Amino acid sequence: MSNTVSFRCNGWTGGQDGAFSMATFIVLATFTDKGIGKVKDTIGRAEKFKEMAKKSGIAVKDLYWTLGSHDVVAVCEAPDDESATAFSLSVCSRGNVRSETLRAFSFNEMKTILSKMV
């Protein structure tokens, strides 16, 4: 499923009727010692995460607290790799989480990628 926005920005993937779709990123975050020490603040930090994302032109589509090797998983849409990387660095520089950001491709995006194989 590809979401579109009604404004233009350099580096975005072209969409229908002059609109552009944003790239999907999965953010896997793990609390640092500082972050787990103040785990009761995690909801407030999540709200700040969403505000920071919005200021960066990034949409947080879903946010989950998880069991296992990662504590938080976020599904985000960003205009490009550089924006997603800058945002991730901004979040991690606060010291509450370490993260791994994965570029995710939809079914249709993967079909397009495979069609370009030689």
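Coordinate-derived values only; no laboratory data. Since we're looking at a predicted model, the values are computed, not measured. Positions of Cβ are backbone-derived with ideal geometry, glycine not excepted, and every protein chain shown enters the neighbour counts.
Cross-link reach is defined here as a Cα-Cα straight distance under 27 Å, omitting same-chain residues fewer than 8 places apart; for Lys61 the lysines meeting it are Lys34, Lys38, Lys40, Lys48, Lys50, Lys111. Shape of segment 62-103 from its Cα gyration tensor (a ≥ b ≥ c, root eigenvalues): rounded if a/c is under 1.5, otherwise prolate when a/b > b/c, or oblate? Oblate is the answer for segment 62-103, as a/c is 1.5 or above yet b/c matches or exceeds a/b. In terms of the mean number of neighbouring beta-carbon atoms within 10 Å, the peptides 40-52, 84-96, 68-80 order highest first as 68-80, 84-96, 40-52. Report note on the peptides 21-27, 61-67: ranked by the mean count of other C-beta atoms within 10 Å, highest first, their order is 21-27, 61-67.
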